[in-house]
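The values are calculated or read from the model by the stated rules, or taken from the named source; none is laboratory data. What you see is a predicted model; the values in this text were computed from it and never measured. We place every Cβ from the backbone using ideal geometry, glycine too, and count neighbours over all the protein chains shown. In case anyone asks, the SASA skips ligands and DNA or RNA and just uses the protein heavy atoms, side chains included. Shrake-Rupley method; radii C 1.70, N 1.55, O 1.52, S 1.80 Å.
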Amino acid sequence: QVRLVESGGGLVQAGGSLRLSCAVSGSIFRINAMGWYRQVPGKERELVADITRDGVTNYADSVKGRFTISGDNAKKTVYLQMNSLKPEDTAVYYCWMKSNGFLSSWGQGTQVTISS
(Lines give C-alpha, C1' and ligand atoms only; values in the text may rest on other atoms or scores of the structure.)
Protein backbone atom coordinates (compact mmCIF):
# COMPACT_ATOMS: atom_id res chain seq x y z
CA GLN A 1 0.00 0.00 0.00
CA VAL A 2 1.06 3.57 -0.62
CA ARG A 3 2.11 5.45 2.49
CA LEU A 4 3.31 8.97 3.19
CA VAL A 5 5.58 9.12 6.21
CA GLU A 6 6.17 12.53 7.78
CA SER A 7 9.00 13.46 10.09
CA GLY A 8 10.55 16.56 11.62
CA GLY A 9 7.67 17.95 13.64
CA GLY A 10 8.12 19.12 17.18
CA LEU A 11 8.28 22.08 19.52
CA VAL A 12 10.28 25.19 18.72
CA GLN A 13 10.35 28.77 19.98
CA ALA A 14 9.08 31.68 17.93
CA GLY A 15 11.71 32.84 15.46
CA GLY A 16 13.20 29.39 15.18
CA SER A 17 13.31 26.93 12.30
CA LEU A 18 12.05 23.47 11.58
CA ARG A 19 12.35 21.16 8.60
CA LEU A 20 9.64 18.67 7.71
CA SER A 21 10.16 15.67 5.48
CA CYS A 22 7.67 13.40 3.76
CA ALA A 23 8.77 10.17 2.13
CA VAL A 24 6.62 8.08 -0.19
CA SER A 25 6.65 4.32 0.13
CA GLY A 26 4.87 1.72 -1.96
CA SER A 27 4.33 1.34 -5.68
CA ILE A 28 3.65 4.56 -7.56
CA PHE A 29 3.66 4.96 -11.31
CA ARG A 30 4.19 8.71 -11.27
CA ILE A 31 4.11 11.47 -8.67
CA ASN A 32 2.39 14.49 -10.18
CA ALA A 33 2.61 16.86 -7.22
CA MET A 34 3.22 16.94 -3.50
CA GLY A 35 2.54 19.47 -0.82
CA TRP A 36 1.93 20.41 2.76
CA TYR A 37 -1.34 21.34 4.42
CA ARG A 38 -2.03 22.30 8.01
CA GLN A 39 -5.03 22.24 10.29
CA VAL A 40 -5.89 23.67 13.69
CA PRO A 41 -8.90 22.69 15.83
CA GLY A 42 -12.15 24.21 14.59
CA LYS A 43 -10.76 25.29 11.23
CA GLU A 44 -10.55 23.79 7.78
CA ARG A 45 -7.38 22.22 6.51
CA GLU A 46 -5.48 24.81 4.49
CA LEU A 47 -2.76 24.66 1.88
CA VAL A 48 0.68 25.72 3.06
CA ALA A 49 2.72 24.98 -0.06
CA ASP A 50 2.84 22.55 -2.94
CA ILE A 51 5.20 21.64 -5.73
CA THR A 52 4.71 19.95 -9.08
CA ARG A 53 6.90 17.29 -10.59
CA ASP A 54 8.45 20.01 -12.76
CA GLY A 55 9.34 22.09 -9.71
CA VAL A 56 6.65 24.77 -9.89
CA THR A 57 5.83 25.95 -6.37
CA ASN A 58 2.89 27.65 -4.73
CA TYR A 59 2.64 29.15 -1.24
CA ALA A 60 -0.01 30.47 1.07
CA ASP A 61 0.35 34.22 1.54
CA SER A 62 0.91 33.73 5.25
CA VAL A 63 4.12 31.75 4.73
CA LYS A 64 5.65 33.43 1.68
CA GLY A 65 9.22 34.49 2.36
CA ARG A 66 9.48 32.23 5.41
CA PHE A 67 8.81 28.70 4.15
CA THR A 68 10.42 26.86 1.26
CA ILE A 69 9.12 23.67 -0.30
CA SER A 70 11.39 21.40 -2.29
CA GLY A 71 11.22 17.91 -3.71
CA ASP A 72 13.46 15.10 -4.79
CA ASN A 73 11.84 13.00 -7.48
CA ALA A 74 14.45 10.25 -7.26
CA LYS A 75 13.99 9.89 -3.50
CA LYS A 76 10.22 10.38 -3.69
CA THR A 77 10.51 12.88 -0.88
CA VAL A 78 9.24 16.40 -0.28
CA TYR A 79 10.57 18.86 2.28
CA LEU A 80 9.28 21.97 3.96
CA GLN A 81 11.88 24.31 5.42
CA MET A 82 10.17 26.60 7.92
CA ASN A 83 12.01 29.69 9.12
CA SER A 84 11.02 32.64 11.28
CA LEU A 85 8.29 30.55 12.85
CA LYS A 86 5.38 32.25 14.57
CA PRO A 87 2.92 30.98 17.18
CA GLU A 88 0.19 31.10 14.53
CA ASP A 89 2.09 28.44 12.58
CA THR A 90 1.14 25.94 15.28
CA ALA A 91 -0.90 23.18 13.66
CA VAL A 92 -0.92 19.59 12.55
CA TYR A 93 0.91 19.47 9.25
CA TYR A 94 -0.15 16.93 6.65
CA CYS A 95 1.77 15.72 3.64
CA TRP A 96 -0.24 15.34 0.43
CA MET A 97 0.48 13.66 -2.88
CA LYS A 98 -1.21 13.50 -6.25
CA SER A 99 -0.11 10.47 -8.23
CA ASN A 100 -0.98 8.56 -11.39
CA GLY A 101 -2.94 11.54 -12.66
CA PHE A 102 -5.93 11.12 -10.34
CA LEU A 103 -5.05 9.64 -6.95
CA SER A 104 -4.71 11.79 -3.83
CA SER A 105 -2.97 10.48 -0.72
CA TRP A 106 -2.45 11.91 2.76
CA GLY A 107 -0.02 11.34 5.56
CA GLN A 108 -1.21 10.94 9.14
CA GLY A 109 0.07 14.36 10.15
CA THR A 110 2.81 15.67 12.39
CA GLN A 111 2.37 18.20 15.18
CA VAL A 112 4.23 21.50 14.94
CA THR A 113 4.05 23.70 18.02
CA ILE A 114 5.57 27.18 18.20
CA SER A 115 5.91 28.71 21.63
CA SER A 116 6.04 32.44 22.25
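Data table
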| read-out | value |
| --- | --- |
| Positions within the stretch 53-89 being among the hydrophobic types (A, V, I, L, M, F, W, C) and either over 26 Å from VAL2 (Cβ atoms) or open to solvent by less than 40 Å² (accessible area, probe 1.4 Å) (or both), in sequence order | ALA60, VAL63, PHE67, ILE69, VAL78, LEU80, MET82, LEU85 |
| Hey, ARG30 basic (Lys, Arg), more than 19 Å from GLU6 (Cα to Cα) and modelled with pLDDT under 95 or not | yes |
| Answer from ASP50, ASP54 - the residue that is at pLDDT below 95 and either closer than 18 Å to MET97 by Cβ or hydrophobic (A, V, I, L, M, F, W, C) (or both) | ASP54 |
